[in-house]
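**Q** This structure is in structure tokens; I'll ask about it shortly.
The values are calculated or read from the model by the stated rules, or taken from the named source; none is laboratory data. In this text the structure is predicted, and so the values were computed from the model without any measurement. Reconstructed Cβ throughout: ideal geometry from the backbone, glycine too, with neighbour counts over all protein chains shown. All accessible areas refer to the heavy atoms of the entire protein, side chains included, with ligands and DNA or RNA removed. Shrake-Rupley method; radii C 1.70, N 1.55, O 1.52, S 1.80 Å.
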Amino acid sequence: MKHLLYYIKKRGLKYTFNLSWYQFFWGRRPTFFRKLQYWLRWYPAYIEIEITNRCNMRCVMCEHTYWDEPPRDMSFDEFKYIVDQFPRLTWIGLTGIGESFLNKDFIKMLSYVKAKGIITEIYDTFYFVDKEIANKLIELKIDSIYASIDAATKETYEKIRPGSNFEKVIKNVSYFLDLRRRYPIPLTKFNFHYIVSKLNLNEILDHLKLVSSISKGLSLGVQFTRLLHNYPQVKDIYVEIPKSIIEESIRKGKELNIEVTWNANTLDPKPTPRNCIEWTMPFIFVSGEVIPCCAANEKNRRQFQKEYSMGNIFKQSFREIWRGKRYRILLNSLAKDILPLVCKDCCLYEEK
């Protein structure tokens with residue numbers, strides 16, 4: 001209640017309503033809400049936009065490293081054109097297969113959605129988050145930030161993320177957290193994101209110790225994600241996560257006052273397609289293609305995703321795409337417990 005009153009006072013009723021709606025309906029995902037979505041097909045209130053496909057790193061687990069796709073930044077006008085098509089937009093994710101801060105308009109884009117009271121989430125390597133950018137992120141009150149750090153040591157980190165610098169990233173994160181401590185109650189949710197492979201499986205517990213050492217009393221979390229897909233270029237580092245490691249990491253997290261979560265792609269067995277609600281959060285490529293969600297990303301099948309996308313938002317309005325034939329086929333398939341073609345690479349649901 002204390003935080004709710006604070007948000008109403010400091011951020012207004014619209015933002016507070018958006019936050020409450022998102023946390024209840026998306027976070028808790030009640031069954032009746034999922035059924036209502038299938039019946040009524042409410043226009044999306046949550047979207048993800050990829051604002052660049054450029055990156056300064058060559059991360060060994062990332063499909064971007066193995067692409068031959070031309071580099072492209074989304075312009076601010078293109079971004080605004082997309083956002084303005086969602087009059088009831090509640091939540092937006094601004095992380096794609098690229099380094100967002102390489103887009104010169106990224107801060108301008110963040111400012112635009114925050115001025116609308118939209119809950120905003122980003123995942124970032126923190127390579128470019130210097131003091132100036134850190135202060136801007138705090139000033140904008142970005143709601144949810146994940147620092148993508150996949151190791152506990154410099155050697156492992158830089159082996160996984162060629163082109164980065166471990167000391168620089170830790171320094172940037174530490175400065176951001178120092179800023180974060182100056183606020184009496186949470187303004188920004190900050191967590192770490194750790195993609196698990198054979199290269200860093202044995203550093204999971206040490207990573208939690210690293211997070212604890214730089215948190216200095218802040219309540220933080222770590223989200224662990226197994227490599228989303230096992231495709232040829234990553235087959236040598238792909239690993240299934242032993243249940244014992246998951247359990248041990250959760251125990252260690254409690255000991256260190258760190259909230260440990262494991263991505264849904266580690267679930268076994270996985271739920272069937274009719275349980276899917278991710279299609280209510282479309283993902284929009286920098287080139288405009290609309291796919292149902294982000295779960296089929298990182299399979300290194302970018303051209304396949306484009307070919308079987310729901311449509312291109314730069315060629316027709318999202319409303320036309322949403323009411324179009326491909327979305328109808330998608331929903332009919334999911335309702336029958338069948339993965340549609342565009343979702344065949346889904347890492348969250350599987351047909352029985």
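**Q** For region 307-321, how many residues meet the condition of being crowded, with 19+ Cβ neighbours inside 10 Å and either in contact with a His (Cβ under 8 Å, 6 or more places away or on another chain) or part of a helix (DSSP H, G or I) (or both)?
**A** Total meeting the criteria: 2.
**Q** Moving to a separate point now. With respect to residue 82, determine if the residue is in contact (Cβ under 8 Å) with a residue 24 or more places away in the chain, among the hydrophobic types (A, V, I, L, M, F, W, C), touching a Gly at 6+ places or on another chain (Cβ under 9 Å) and within 20 Å of residue 44 (Cα to Cα). Let's see the steps before the verdict.
**A** Values: in contact (Cβ under 8 Å) with a residue 24 or more places away in the chain: yes; among the hydrophobic types (A, V, I, L, M, F, W, C): yes; touching a Gly at 6+ places or on another chain (Cβ under 9 Å): yes; within 20 Å of residue 44 (Cα to Cα): yes.
When the stated conditions are applied, residue 82 passes them.
**Q** Also: Are there any pairs, at least 6 apart or on different chains, whose C-beta atoms fall under 8 Å, with the first in region 199-223 and in contact (Cβ under 8 Å) with a residue 24 or more places away in the chain and closer than 11 Å to residue 150 by Cβ and the second of a type in the set (Ser, Thr, Tyr) and part of a loop (DSSP other than H, G, I, E, B), and if so, which?
**A** 203/153
**Q** Only one of these conditions is not met by residue 36: (1) at pLDDT below 90; (2) buried (at least 20 other Cβ atoms within 10 Å of the Cβ). Which number is it?
**A** Condition not satisfied by residue 36: (2).
**Q** Return the residues of region 279-306 that are open to solvent by 10 Å² or more (accessible area, probe 1.4 Å) and farther than 14 Å from residue 345 by Cα; say none if nothing qualifies.
**A** Within region 279-306, 281, 287, 289 meet the criteria.
**Q** Considering region 240-278 alone, what residues qualify as being open to solvent by less than 50 Å² (accessible area, probe 1.4 Å) and of a type in the set (S, T, N, Q)?
**A** Once the filter is applied, which keeps residues that are open to solvent by less than 50 Å² (accessible area, probe 1.4 Å) and of a type in the set (S, T, N, Q), region 240-278 yields 249, 263, 265, 266, 272.
**Q** Among 77, 124, 73, 105, which is among the acidic types (Asp, Glu) and surrounded by fewer than 16 Cβ atoms within 10 Å (Cβ to Cβ)?
**A** On the way: 124 fails: surrounded by fewer than 16 Cβ atoms within 10 Å (Cβ to Cβ); 73 fails: surrounded by fewer than 16 Cβ atoms within 10 Å (Cβ to Cβ); 105 fails: surrounded by fewer than 16 Cβ atoms within 10 Å (Cβ to Cβ).
Criteria check complete, one pass: 77.
**Q** Sticking with this structure for a sec: Among the residues of region 41-55, write down those that are within 22 Å of residue 303 (Cα to Cα) and open to solvent by 30 Å² or more (accessible area, probe 1.4 Å). Walk me through it before giving the result.
**A** Here is the first cut: in region 41-55, the residues within 22 Å of residue 303 (Cα to Cα) are 47-55.
54, 55, listed by residue number.
**Q** Every residue in region 153-183 that is open to solvent by 20 Å² or more (accessible area, probe 1.4 Å), part of a loop (DSSP other than H, G, I, E, B) and closer than 21 Å to residue 133 by Cα, please.
**A** 163, 165, 181, 182, 183
**Q** In addition: Pairs only if they're at least six apart or on different chains, beta carbon under 9 angstrom, first in region 119-132 and over 11 Å from residue 193 (Cα atoms), second in a loop (DSSP other than H, G, I, E, B) and open to solvent by 60 Å² or more (accessible area, probe 1.4 Å); list them, first residue then second.
**A** From region 119-132, the pairs are 120/141.
**Q** Another question, if that's okay. Considering each residue of region 106-156, count those that are polar (S, T, N, Q) and more than 17 Å from the chain's Cα centre (by Cα), and give that number. Write out each step before concluding.
**A** First pass over region 106-156, keeping only residues polar (S, T, N, Q): 111, 120, 125, 135, 144, 148, 153, 156.
After this cut, where a residue has to be more than 17 Å from the chain's Cα centre (by Cα) as well, the list is 111, 135, 153, 156.
Counting residues in region 106-156 that are polar (S, T, N, Q) and more than 17 Å from the chain's Cα centre (by Cα) gives 4.
**Q** If I ask for residues that are modelled with pLDDT of 95 or more and either touching a Cys at 6+ places or on another chain (Cβ under 7 Å) or assigned to a helix (DSSP H, G or I) (or both), which ones from region 283-297 would you list?
**A** Once the filter is applied, which keeps residues that are modelled with pLDDT of 95 or more and either touching a Cys at 6+ places or on another chain (Cβ under 7 Å) or assigned to a helix (DSSP H, G or I) (or both), region 283-297 yields 283, 292.
**Q** Shifting gears a bit: What is the number of the single condition among (1) farther than 22 Å from residue 146 by Cα; (2) outside any loop (DSSP other than H, G, I, E, B); (3) touching a Phe, Trp or Tyr at 6+ places or on another chain (Cβ under 8 Å); (4) without any contact (Cβ under 8 Å) to a residue 60 or more places away in the chain that residue 244 does not meet?
**A** In the conditions (1) farther than 22 Å from residue 146 by Cα; (2) outside any loop (DSSP other than H, G, I, E, B); (3) touching a Phe, Trp or Tyr at 6+ places or on another chain (Cβ under 8 Å); (4) without any contact (Cβ under 8 Å) to a residue 60 or more places away in the chain, residue 244 misses (3) alone.
**Q** Let me ask something additional. Please verify whether residue 210 is at pLDDT below 95, open to solvent by less than 50 Å² (accessible area, probe 1.4 Å), among the hydrophobic types (A, V, I, L, M, F, W, C) and assigned to a helix (DSSP H, G or I), treating the condition exactly as stated.
**A** Working: at pLDDT below 95: no; open to solvent by less than 50 Å² (accessible area, probe 1.4 Å): yes; among the hydrophobic types (A, V, I, L, M, F, W, C): yes; assigned to a helix (DSSP H, G or I): yes.
When the stated conditions are applied, residue 210 does not pass them.
**Q** Collect the residues in region 194-207 that are open to solvent by less than 10 Å² (accessible area, probe 1.4 Å) and out of contact with any helix residue (DSSP H, G or I) (no Cβ under 8 Å at 6 or more places or on another chain), keeping them in residue-number order.
**A** Residues of region 194-207 open to solvent by less than 10 Å² (accessible area, probe 1.4 Å): 194, 196-197, 200, 204, 207.
Once the filter is applied, which keeps residues that are open to solvent by less than 10 Å² (accessible area, probe 1.4 Å) and out of contact with any helix residue (DSSP H, G or I) (no Cβ under 8 Å at 6 or more places or on another chain), region 194-207 yields only 207.
**Q** Looking at region 221-239 only, could you name the residues that are open to solvent by 10 Å² or more (accessible area, probe 1.4 Å) and not in a loop (DSSP other than H, G, I, E, B)?
**A** If the condition is that a residue be open to solvent by 10 Å² or more (accessible area, probe 1.4 Å) and not in a loop (DSSP other than H, G, I, E, B), then 223, 226, 232, 233 are the ones that fit.
Yes/no matrix, rows are residues, columns are (1) under 30 Å from residue 199 (Cα atoms); (2) at pLDDT below 95; (3) of a type in the set (Phe, Trp, Tyr):
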site	(1), (2), (3)
23	no, yes, no
29	no, yes, no
76	no, no, yes
111	no, no, no
